[in-house]
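Inspection log for the structure reproduced underneath, given as structure tokens.
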Amino acid sequence: MLLAVVAGLTFAVLRITAAMKTGSTKTAAARALSPLETMVRLPGGSFQMGCSPGDGQCDDVELPAHPVTLHSFWIDVTEVTNEQYAPCVQARACTPAHHAGDVRWNGATQPVLWVDWNQAAAYCRWSGGRLPTEAEWEYAARAGTTGPRYGDLDATAWYAANSGDVTHPVARKQPNPWGLYDMLGNAWEWTADWYDERYYKSSPASNPPGPPSGSARVFRGGGWDALPGGVRASFRGYYGPGSWALGAGFRCVRD
């Protein structure tokens with residue numbers, strides 16, 4: 001059974017470099033492509049958000065599972081890399097990532113890491129986009145699948161058991177069915193939403209925008225340091241928006 005029902009079951013993928021697909025250290029950003037050339041357009045559709053059927057690792061905050069319908073949107077094929085983030089810093093629209101000088105984290109095609117929510121949001125605005133809502137993020141991550149993950153854990157994600165305690169260049173693991181890389185693992189990813197542990201009990205069924213206020217923002221997807229329980233499509237974490245110590249990255253969306 002498909003989790004997502006999408007118009008015509010088609011989606012548009014703009015050019016992704018062969019280098020990214022073959023594991024070369026060059027990415028689309030290295031060729032100064034426009035942002036939309038590194039994005040996938042997902043059609044509007046409906047899916048079941050929250051705890052996956054049969055998933056015994058769900059927390060209460062992932063319940064109840066509930067149907068959600070979304071408009072179409074564009075999303076980054078990969079997490080934003082250091083190479084992509086650098087021009088925003090040079091333009092003084094972004095501030096440098098913490099630990100930017102550490103060789104463990106600053107490879108050109110590694111995801112930009114150790115940024116707080118405000119830094120992530122600033123980059124997305126500068127690039128003409130925004131951070132994804134929780135619902136958009138989960139819809140994109142699931143890509144029509146119904147299980148806790150969209151594929152074999154080791155084949156699709158860098159996490160605590162296989163990462164060597166460091167992030168890796170983006171797009172080295174298998175993508176999900178919609179061609180998105182590292183939706184699980186490598187870098188934790190900030191979303192736009194404020195965190196509310198009870199939000200699923202009353203959230204709108206159509207294009208939920210997230211709570212109107214809060215003290216922490218939601219992050220998703222698991223990271224290089226995550227245990228398997230955190231590397232699931234429905235996992236929800238939260239952290240203060242002004243703190244970078246989570247070690248999170250992000251990807252952007254556009255309407």
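The values are calculated or read from the model by the stated rules, or taken from the named source; none is laboratory data. These numbers were taken from a predicted model, which means no experiment stands behind them. All Cβ positions, glycine included, derive from the backbone under ideal geometry; neighbour counts span all protein chains shown.
From the residues in the range 235-254 that are buried (at least 18 other Cβ atoms within 10 Å of the Cβ) and among the charged types (D, E, K, R), which one is farthest from Phe73 (Cα to Cα)?
It comes out as Arg236.
Name the residues in the range 117-137 that are more than 15 Å from Cys94 (Cβ to Cβ) and touching a Pro at 6+ places or on another chain (Cβ under 9 Å), would you?
Listed by number, the residues that qualify are Thr133, Glu134, Ala135.
Among strands (runs of 3 or more DSSP E) lying entirely in the range 151-255, which contain 3 or more residues that are charged (D, E, K, R)? Lay out the reasoning, then the answer.
Numbers: elements: 188-194, 217-220, 237-239.
By residue number, no strands (runs of 3 or more DSSP E) qualify.
(1) assigned to a loop (DSSP other than H, G, I, E, B); (2) modelled with pLDDT of 90 or more; (3) of a type outside the set (Gly, Ala, Ser): which one isn't true of Leu2, the others all being true?
Here Leu2 clears every test but (2).
Please verify whether the range 219-226 includes one or more residues that are among the acidic types (Asp, Glu) and touching a Phe, Trp or Tyr at 6+ places or on another chain (Cβ under 7 Å).
First, pick out the residues of the range 219-226 that are among the acidic types (Asp, Glu): 225.
Now restrict to residues that are touching a Phe, Trp or Tyr at 6+ places or on another chain (Cβ under 7 Å): none.
Within the range 219-226, not a single residue is among the acidic types (Asp, Glu) and touching a Phe, Trp or Tyr at 6+ places or on another chain (Cβ under 7 Å).
May I ask you to list the residues in the range 176-193 that are under 21 Å from Ala65 (Cβ atoms) and free of Cβ contacts under 8 Å to residues at least 60 places away in the same chain?
Asn176, Pro177, Met183, Leu184
Looking for whichever is in contact with a strand residue (DSSP E or B) (Cβ under 7 Å, 6 or more places away or on another chain), of a type in the set (A, V, I, L, M), modelled with pLDDT under 95 and surrounded by 16 or more Cβ atoms within 10 Å (Cβ to Cβ) here; the options are Val68, Val80, Val40. Which one fits?
The conditions single out Val40.
Yes or no, residue by residue, for (1) over 18 Å from Met39 (Cα atoms); (2) touching a helix residue (DSSP H, G or I) at 6+ places or on another chain (Cβ under 8 Å); (3) not aliphatic (A, V, I, L, M):
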| position | (1), (2), (3) |
| --- | --- |
| Ala91 | yes, yes, no |
| Gly101 | yes, no, yes |
| Thr109 | no, yes, yes |
| Trp114 | yes, no, yes |
| Ala121 | no, no, no |
| Trp137 | no, no, yes |
| Gly147 | yes, no, yes |
| Thr156 | yes, no, yes |
| Tyr159 | yes, yes, yes |
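Inspect the range 223-234 for any residue being in contact with a strand residue (DSSP E or B) (Cβ under 6 Å, 6 or more places away or on another chain), under 20 Å from Met49 (Cα atoms), among the hydroxyl-bearing types (Ser, Thr, Tyr) and in contact (Cβ under 8 Å) with a residue 12 or more places away in the chain and give the result as yes or no.
Within the range 223-234, none of the residues are in contact with a strand residue (DSSP E or B) (Cβ under 6 Å, 6 or more places away or on another chain), under 20 Å from Met49 (Cα atoms), among the hydroxyl-bearing types (Ser, Thr, Tyr) and in contact (Cβ under 8 Å) with a residue 12 or more places away in the chain.
What pairs come out if I take residues in the range 42-54 that are free of Cβ contacts under 8 Å to residues at least 40 places away in the same chain and pair them with residues that are part of a strand (DSSP E or B) and buried (at least 17 other Cβ atoms within 10 Å of the Cβ) whose C-beta lies under 7 Å away, six or more apart or interchain?
If the second residue must be part of a strand (DSSP E or B) and buried (at least 17 other Cβ atoms within 10 Å of the Cβ), the pairs left are Pro43/Val6; Gly44/Leu70.
Hey, among the residues in the range 108-129 that are surrounded by fewer than 17 Cβ atoms within 10 Å (Cβ to Cβ) and touching a strand residue (DSSP E or B) at 6+ places or on another chain (Cβ under 9 Å), which one's nearest to Gly221 (Cα to Cα)?
Ala108
Give Gly230, Gly221, Gly210 a once-over and let me know the one that is at pLDDT 95 or above, under 14 Å from the mean Cα position of the chain (by Cα) and surrounded by fewer than 22 Cβ atoms within 10 Å (Cβ to Cβ). Give the steps one after another, and end with the answer.
Values: Gly221 fails: surrounded by fewer than 22 Cβ atoms within 10 Å (Cβ to Cβ); Gly210 fails: under 14 Å from the mean Cα position of the chain (by Cα).
Sole residue among the options that is at pLDDT 95 or above, under 14 Å from the mean Cα position of the chain (by Cα) and surrounded by fewer than 22 Cβ atoms within 10 Å (Cβ to Cβ): Gly230.
If you take the residues in the range 172-194 that are aromatic (Phe, Trp, Tyr) and crowded, with 22+ Cβ neighbours inside 10 Å, which one is farthest from Pro148 (Cα to Cα)?
The residue in question is Trp190.
Considering each residue of the range 45-64, count those that are surrounded by 16 or more Cβ atoms within 10 Å (Cβ to Cβ) and within 15 Å of Ala205 (Cα to Cα), and give that number.
Total meeting the criteria: 6.
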